[in-house]
Structure formats: structure tokens, C-alpha cells
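All remarks here apply to the structure that follows.
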Amino acid sequence: MADRMGPVNILIGELKNEDIQLRLNSIRNLSTIAKALGTERTQKELIPFLKESLDDEDEVLLALAEELGKFSEHVGGRDHVHLLLPLLENLARVEETVVRDKAVESLCLLSEQIPPESFEEHFIGLLKRLVSGDWFTSKSSAGGILHIAFARASPTAQVDLRTMYKALCEEETPMVRRSACSNMKKLIPHIDKEIIKKEFIEIFKSFSKDEQDSVRLLAVENGIVIAEKMNEEENQQIVKPVILACASDKSWRVRYMVANTFCELCDTLGKEITQTDLLPVFVKLLKDSEAEVRSAAASKVTGVCKIVQLESAIRTILPCVKTLATDESQHVRAALASDVMGLAPIFGKNHTTEHLLDLFLQLLKDEIPEVRLNIIGKLDQVTPVLGLDQLSQHLLPAIVELAEDRQWRVRLAIIEYVPLLAQQLGVTYFNEKLGALCMTFLGDCVFSIREAATKNLKKLTEVFGDAWFKTHILPKIVELSKHTNYLYRMTTLFSINTLSSTVGPDTVANDLLPIVLDLLNDRIANIRLNVAKTLRMLVAVLDSGIVETKIKPSLNKLLEDKDRDVRYFASIALQSCNQ
Amino acid sequence: VNVEEVIAKANEYYESNASEWEFSQMFGEEDDPSSDSDTTGAEDNWISSLAFDSTGRFLAVGYNCGQVVVLTQQEDQTYQLYTEFKSHDSEFDFLTSMEIEEKINQIKWFPYDSCIPALLTTNDKTIKLFKMLEKEGAEGGTEVVVKPKKVFEGAHAYNINSVSFNSDGETFISTDDLRINLWNLNITTEAFGIVDIKPENMDELSEVITSSSFHPKSCNLFVYSTSKGMIRMADLRNSALCDRYAKEFEDTESDIGGFFQELVTTISDVKFSPDGNFIVSRDYLTMKIWDPRIENKPLRVVKFHDHLVPKLCDLYENDSIFDKFECSWNGTSYRLLTGSYNNNFYICDAFGSHVTPMCAVKPTAQQKPTFPHPNQHLEASQKVLHTAWHPNQDIIALGAKDFGYLYVRKTENDPK
């Protein structure tokens, strides 16, 4: 016992240390302390001690709030969980937002364990105290735990809770109203439909007309949750008007929220409302004056078209989409590009050819690389519909252009799509059209590109197999290993590093190892150093015979190298040979 | 808002609340008279900003040396020291090889009452959020600890002139010569640029932003003023980027003309009235009150610096023409306060219908309160640049070099 307490005593002592790092460390090890003390001493000594000396550093308080959420076993389980509540209550009143939020989170976690008999006394009591606190800080926190209370309270208690909630919703300070509004969606699932209609709809409506933009924009999500509880007719009367109002709100941020959650809105309000009322709204959002709103709407085009009738999608949404392809904002066009390909499977082959193909091609020629990349990234949705031939004649020039873009980050993005394209295009087409490109990446002037190219080789080999590798890639690697610029000889070694685990051991032994050994006497020390490193990697896949006859002697030679670092890495490699 | 009614009420207010002011307190350290005439050292103790919090309980005073002093109101309405702290230190910008001064350009308090008062302070480049906590001191009394909770830095290539809280209690703007950034109080790593007047070609630069302020109640409106005498109102609801302002206010009638025209039109301060119905702008010679619905001329022009017009040449010679005077509204939005030279200050009632000139000076047994008179020698070094008005009481704070003055309105003469 003494042994165990030793380090724990230190931890306890450090709870009050001036150095914040030590206090932080102690708090993070609170469960260790509690385990050593045992349940009873934790209850009677540790918790009161923490309560009395509440730290004033936010970092420490945050760590404490987090630890307490997992503390119930240390205080003796369900029956004693309530002992932790006063501490968390204090933390929920603290000035710093992140600490309060964490305390609220922990309170929600612990609340599940409070037995029903004492729930009202402990949890609802805590809630009442927070709601009636003087400052906006405690009231805001109250908003965060209300849904827990609603889920478990008796019907009589619920009446009280609803009164409390209403008071929070009418608070003058925006911070409290914001908390109340954003937590409404957590409350609604726990409340009877009739009560929602009687009491909460009013609140929902007044939030959607709040003078503070930051409150109004939260109303949209509440609408979705409420709509889920109502039937279609109720939604027509109650929720739809509010959503329509939000969609034409003066603040673009509110309209943005509507655009951003549009698919969920359609799902929950149902096909009829979507077809009749939401569709025109969506079209308006696609034409909104604010680019951010248009962007959000553009990324939902596929989702919406899945829900509405095809004919009306073609008639109303398609014209807007075509306009968006030439939107003045590149972010809008990029958002459109990453979504619009999904229309192909919905429209089917004929409609896609007639209406969408030109659109794709236009975006594929956009002046902004990101737009073009977004199209290429989603090709897998279109190729099954249209077939490769049709696309390839347009695709290839676009890919080649992006692969040669001046900005290396654009080139990098293209490399990342190459394995995907390889899979879809198939080996013959790939060899013909894109093979050469992959090889040029290996010789790019930017290191990150060369590095990505070697990883690319590995993925391609995984797709196409060893035989393909030997015919098409190997010669290039051999050629690269003889380049006069040492940077490219390095690339050779890096390629071999990544490929060593992909190709078969025979290929490694017969084809890759010779290349490495050829570089043993390279005049650049950096190359010889990397030869040692590569040999070390190859040891893992080659059988011991080859290791003994070919690798070890080479490494021994490097042990006598005139460069110190070469000798060092050679010795490390030799150590792994002997393991 | 019926403007005539408001003006009438403001007149009534003036009639029943006589604008007679008396000295209440003075604070500040005298320059050490025995020190060498090292001008930079002497200016360290000069006040550079003043602000009351939303309750009037606290008055924050910022100094050139980066120090902030917070005073708190006592039962007898006077203010005593509550706490003080070093807000900013001077830094060296390696890129431009320039020193970043520690001078506190502006202080603003968090607009909502809270158990732990919070304030934003800013120097040329960095904005900081401080919170004041009361703790049990070593000997059992309470001590006040001030902690920097957030540092908002790296977002301004040019010098910051103002910060302003939004009524949503969550965001604020910071403004430099060419740009305005929108911040969230909880996020120091990102800011949104919402206004940018930097021209493509810097050779074409002709206008800089001089001040900005959020509407006290509408979370979407803010105004900013420029060196060309323009006031622009932007609406955050309209679009993500507020370069296309919603309204532009300009007084196209100019009195001066000539060489100094441009120099005196630059606006040094612009703010909404506490009720949100009017805007005031302070330029070198006047204060202008604007009705936000009328953009092409101000509602009223309050003139109190006409005596400076013949002296503009001298004021230009000694650089005084570039002084930036602040102005302040009272809590009922009926009165305005602004400073001047010779330690004078002016209280303007009922939209400029009545202007009460005063002089900020500590009354001694021999000296009675003095008032400006037309032929007095212009002492440009004695200037009241900084002002603040208690949010709901008739207490005003004035900053004149290293001294701060508090004046209260005399109430014995009010009609019963």
C-alpha cells in the first residue's frame, strides 16, 4: 500500500503546485489517484478537496471537466454519481466557454447513470440553479443540459422544465437565446407532439424572427427536427411557412443554412411539399446574390434531383446549373463541379448525353484548376453511364494539361487521381495514354511530386500486377538510376523502397536488387547512404540466402566508406540483417 | 423615428437638465520635473484611450506606455483605483524593421454585464481580450487579477485604429488603415476580412479608414469613416464581403476650401448613438450628426472650432492639424462631448443647439473654473483628445496628455 501511495502522494501534492504543467498532469491522472485512494476516500476527501480549491487556470479546469465525466466508477457507481454534480455545476458557471461546454458534456454523460429515484432531486435541482443564476454564463449552460432533463423527467416535472425553457428563450442577452435555440433540436425528440404544437411552435416561430442573425440561422435546423414529428399536413401549416421565410431572409447566413440543409429539408417535409414549394425555393437559392449561398446550393444539386421528378428537374434545375457553370465566383463553380457528376446516374444515358455532357466538358476546361480537378475526381459516377470512349477523347487533354500545370499542387492532385483512373480505364488504355505521364512525374522538378509519383507506382502495380510492372515501369527505373543528376538517382531508391513490399520477392531479388547494388559506388555520399537504407528495407522481404550472399557483403563494404553517415546507416542496416 | 420629435425632446432635456459641469476628480502622474527633456519618455504617461463599461462601474484608461488602469466607482460616485496591468509590450517587426509601439489605441468593454468583466485592448497590430477576476488575497482582502484570455494577432498589415463589439456578444471587428476584420471571440486563429479598400496599385492610394463602430443593437450594421470625410455604412446581411457598402454619407458643402480642405475633412471618430438612431462624426473643425436615412447631408453641423480657421497655417506647421479628437454620446443620446485645445471641451446639447464650452483644469483655491474666450492664446499642446461618458449618469471622463479629469453635472440648479 505504501508503495502504491508514494507516486500518488506526489500527484496529490502537485494538485496545488504553482507550475501549471504539474497541476495539469495531476488532473489528467485523477483516476489514478482515485483508484489508489479507493472509493470511500475519493468520496470523502478527493471530491471535497477539488471542490474547495477550484483552480483558476482554464486549461486545468478544462481537463478537470473532462476527467469528471468518466469518474463515476471511482466514486462508487450509480448511487454516488451525484457527488460529482456540484463540482460540474461550478464548472458550468465558469467564464471560459470551452470549460463550460466541456462541463455540460460531462454532465450529460453522467446523467445517464443517475438512478430514477434521485434524478429529480439531483439533476433537475442543478438545472434549476443554473437557470436562475445571475449571469448569462450559467443560463447558457442550462440550455445545454435541458434535453437530458426532458428525457427523464416525470410529466409533472416536465411542466416546470418547459416554463424554464421558455424563460431562457425570452432572455435579453443574445448568448442565452442562442444556447436555447441551438439546443431546441435536442429537446424536441423527447416531447409529445401535442405539447410541441401547443407550446413549442410559438417559440420556434419567434426564434425564426429573432433580431439577432446568429439566433435566426439556428432556426432552420430546429425546423427539420420538428418536421420529423409532424405529419405532412401539419408540416404544410406549421413548418413550411417558416422555412420559406428563412429562405428569403435578408441575411445571407440564414439563407445559407437553408441551402446547406436542403436535402434534409426535402427528406423530412416529404415529396409533395418538395415538389410544389421547395423546388422553386431551391432554384432561387441557386441564383442567390451571395456567392456563399450559391455554393452551398450547388453542392446539393444531386441530392435534390434524386427527390424531385426527373422532368421537373430537367425543366427547372438544369437551366440554373448551366448558368452556375459560368458563375463569376470560382468557389461556386468548384462546388458545382464536385457535385454535378452525380446527376449522370439519375438522368440516365440519353439525358446525360443530351443535357449534361457539354456541362461536364465546360467545367473540365475551366481556368481554375480546382474546378477541373473536382470533375476528374468524380468521373467514376459518369463512366458507367456514358462509357469510356465518349469521355476519353475529351478527358485526356484535360488530364494532360492539369498534369503539366505550373502550380505543383495541381500536378500533385492529378497524381492522386491516377490510380483511380487506372482502375476505370483498364490496362491497355492506360498504357497508351497515361503511362508516359506517370513516368514524367518521376522526373518532376518538385520533390513532393517525385515522392507522390513513387507512391503512385506502388498503387498502379497493385492494380495492374507484377508483369505489367516489369514491362512498363522497370525499364524506366533502370534508366532513372543512371541519370546524371543525383536527385533523380535518389528517386530511384525511393521508388524501390515503396515497391519492395508490393512486388513479389523474386522481382525484388532479380530486378530491383541489382539496381540498388549498382549504386553502391555512386560518387555522391547521399546516394550511398540511401543505398544502405534501401538495403535495410529489402532485407525484410528477401530470403536469408540472398541476404548473406549479396546484401551483407555490400553493407560491409559501406562500413568502410569515407563518409561518416554512410558508415552509420550501413551499421544500422547490418544490425537488422542479423536479427 | 420622427426627427423633429427627438430634437424637441432633446431640447426639453436640456431645459430640465442644465448643462453645468463641475470638476470631480483628477488622476495621473505628473511628469518628473527633474528628468531630462527626453520627449519619448515623457509621453509614456500620456493617456491614449478611455472607456466606461456597460454599467458605468468601471472606467478603463489606456496609456502610451501600454499600461491600462481600471478605476471603479465608489458609493460617492467618485472613481478609485481597482487594478492596473501592462496590456501590450513594444515589439520589433523584423520584416519591416520597425518598432511596434505598445501604445493602447483603443479599449472596449464586453457589452453585456458579466460576473467577470472583460475588455478588448489593441495596439497597432495586436488585439487582446482581458478578464478581471476577484480573488481572495494573501491577507484576506480581495485582490484583482487580470488575465489575458485571448490574443488576436497576425491579421493586420497596417495599423489598427479601432475595435468594436457586435451586439451578438460573440463577434467583434478590428479596423486598420485599409481593412476591417471580423472575429469570433472564441477563435484566435481565424478572422474574416469583410472590408478591403486597398487599391490594386498602391501608388493610387488616396483614402484610408480612420475609425469604425458597430450599431449598438443591430447585429448586422456597422459604420466606418475615412480620411476623405466619408462615412460608409455596411450591412453584414447583404453579402459576405462588405466592400459594396449599403450607404455612404458625405457632407458636400465645405466651408474652408483651399489647401487645408482635405486635411480638416478627415474624420477622426465615428459612432452610433446609444439608441442607434443617429451617427456622429468628428472632424477637425466640427461634429456632424447624421440621420442614417439621409446620406447627402448631415442633420446638424456643430461648429465650435471656427476660431481655429485663421490659425490653420500655424496648426499645420506644428502638426497639430493632424490631431485626432474623439467624441462621446451621453446615455440618453441627447448630448455630445468632445475635446479641443487649451484643455477645452464642449458639451453639445439638443443636436448642437446649445454648446457649453468648458476647460479641464483642477480648481485651486485661487483659480475659479475657467472658460474658453475668443482671444486666448492657442495652446495646442494642451489638448483633450480622449473622451468618455458614463452610460447612464452625467459623469464624463477626459484625457489630456498625462492627466485624466472627471466632471459631473451640477444638479442643484435643475428645475424641480
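The values are calculated or read from the model by the stated rules, or taken from the named source; none is laboratory data. Source: prediction; values computed, not measured. Cβ atoms come from the backbone with ideal geometry, glycine included; neighbour counts cover every protein chain shown. Accessible surface areas use protein heavy atoms only, side chains included; no ligands, DNA or RNA. Shrake-Rupley method; radii C 1.70, N 1.55, O 1.52, S 1.80 Å.
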Item to complete: Pop a pseudo-label 7 angstrom from the Cα along the beta-carbon direction at both B:LEU81 and A:ASN90 and give the gap in nm to one decimal.
Response: 3.2
Practice prompt. Please report Rg over Rh for chain A, where both radii come from the alpha carbon positions and Rh follows the Kirkwood definition.
Written response: 1.10
Worksheet, complete the sentence: With a 18 Å threshold on alpha-carbon distance, the violating pairs from B:LYS271/B:LYS311; B:LYS86/B:LYS131; A:LYS44/A:LYS128 are B:LYS271/B:LYS311; A:LYS44/A:LYS128
Discussion item. Using a Cα-Cα cut-off of under 15 Å, which aspartates and glutamates could be cross-linked to B:LYS288, ignoring same-chain neighbours fewer than 8 residues away?
Written reply: B:GLU248, B:GLU250, B:ASP251, B:GLU253, B:ASP255, B:ASP269, B:ASP306, B:GLU326, B:ASP349
Item to complete: Post the alpha-carbon centroid distance, the stretch B:198-248 to the stretch A:290-307, in whole angstrom.
Response: 31
Worksheet entry | For B:LYS149, net neighbour charge (Lys/Arg +1, Asp/Glu -1) across residues whose Cβ lies under 10 Å away | +1
Practice prompt. Please find the FRET efficiency linking A:THR163 to A:LYS322, where r is the Cβ-Cβ separation and R0 is fixed at 41 Å, and quote it to the nearest 0.05.
Written response: 0.15
Item to complete: Over 32 Å between C-alpha atoms is what I'm after, so list which of A:LYS250/B:LYS303; B:LYS297/B:LYS383; A:LYS186/B:LYS135 land there.
Response: A:LYS250/B:LYS303; A:LYS186/B:LYS135
Worksheet item: Ratio of Rg to Rh for the stretch A:456-509, alpha carbon only, Kirkwood?
Response: 0.96
Worksheet, complete the sentence: Quick calc: nm separation of the 7 Å Cα→Cβ label points for A:LYS197 and B:ASP319 -> 7.5
Response to the item:
Normalised per residue, the volume inside the convex hull of the alpha-carbon atoms of the stretch A:491-546 in Å³ amounts to 69
Discussion item. Tell me the volume per residue, in Å³, of the convex hull enclosing the alpha carbons of the stretch A:1-85.
Written reply: 82
Practice prompt. Rounded to the nearest 100 Å², what's the accessible area chains B and A bury against each other, both chains counted, probe 1.4 Å?
Written response: 2100
Worksheet item: Rounded to the nearest 10 Å², what accessible area does A:ASP19 show when all protein chains are kept and the probe is 1.4 Å?
Response: 70
Worksheet item: How long are the semi-axes of the ellipsoid equivalent to the stretch A:125-241, from square roots of 5 times the Cα gyration tensor eigenvalues, in whole Å, largest first?
Response: 23, 18, 10
Worksheet item: How compact and how long is the stretch A:384-467, expressed as Rg and Dmax of its alpha-carbon atoms in Å?
Response: 12.6, 38
Worksheet item: Quick one: longest stretch of chain B between exposed loop chymotrypsin sites (Phe, Trp or Tyr not before Pro), exposed meaning at most 15 other C-beta atoms within 10 Å and loop per DSSP?
Response: B:260-416
Discussion item. With every atom except the alpha carbons ignored, what do you get for Rg and Dmax of the stretch B:123-167, in angstroms?
Written reply: 15.4, 47
Item to complete: Determine one quarter of the surface area of the Cα convex hull of the stretch A:34-138, which equals its mean projected area, and express it in nm² to one decimal.
Response: 6.2
Worksheet entry | Inter-label distance, nm, simple model (7 Å from Cα along the C-beta direction), B:HIS354/B:THR142 | 3.9
Discussion item. For the stretch B:75-127, I need the span (max minus min coordinate) of the C-alpha atoms along each principal axis, in Å, sorted largest to smallest.
Written reply: 50, 22, 14
Worksheet item: Counting pairs of Cα atoms in the stretch A:286-433, how many percent are more than 18 Å apart?
Response: 56
Fill in: Listed pairs A:LYS476/A:LYS533; A:LYS193/A:LYS287; A:LYS198/A:LYS240 exceeding 26 Å between Cα atoms
A:LYS193/A:LYS287
Worksheet entry | Computed over the stretch A:450-579, Kirkwood Rh from alpha-carbon pairs, angstrom | 14.7
Worksheet item: Okay, helix-only estimate at 222 nm for the protein assembly as shown: each DSSP H run of n ≥ 4 adds -39500 (n - 2.57), divide by all residues, round to 500 deg cm²/dmol; what do you get?
Response: -12000 deg cm²/dmol
Item to complete: For the stretch B:382-397, just list the computed ³J(HN,Hα) in residue order, Karplus coefficients 6.51, -1.76 and 1.60, θ = phi - 60°, integers in Hz, with x standing in for Gly and Pro.
Response: 8, 10, 9, 8, 10, 9, 7, 10, 4, x, 9, 10, 8, 10, 10, 10
Worksheet, complete the sentence: At 20 °C in a medium of viscosity 1.002 mPa s, the protein assembly as shown has a Stokes-Einstein diffusion coefficient, with Rh taken as the Kirkwood radius over alpha carbon pairs, in µm² per second, of 62
Worksheet item: What's the FRET efficiency of A:SER154 with B:ILE116 using the Cβ-Cβ distance as r and R₀ = 56 Å, to the nearest 0.05?
Response: 0.95
Worksheet item: For the stretch B:10-23, what does the Karplus curve 6.51 cos²θ - 1.76 cosθ + 1.60, with θ = phi - 60°, yield as ³J(HN,Hα) per residue in whole Hz, taken in order and with x for Gly and Pro?
Response: 5, 5, 4, 4, 5, 4, 9, 9, 4, 8, 10, 10, 10, 5
Worksheet item: How many Å² of accessible area per residue for the stretch B:181-257, probe 1.4 Å?
Response: 49
Worksheet item: Going from the alpha-carbon gyration tensor of the stretch B:81-159, what semi-axes, largest first and in whole Å, does one get by taking the root of 5 times each eigenvalue?
Response: 29, 14, 9
Discussion item. Based on C-alpha coordinates, I'd like the Rg and Dmax of chain B, in Å.
Written reply: 20.9, 66
Worksheet entry | Those lysines that a straight Cα-Cα span of less than 20 Å connects to A:LYS349, excepting residues fewer than 8 apart in one chain | A:LYS306, A:LYS322, A:LYS378
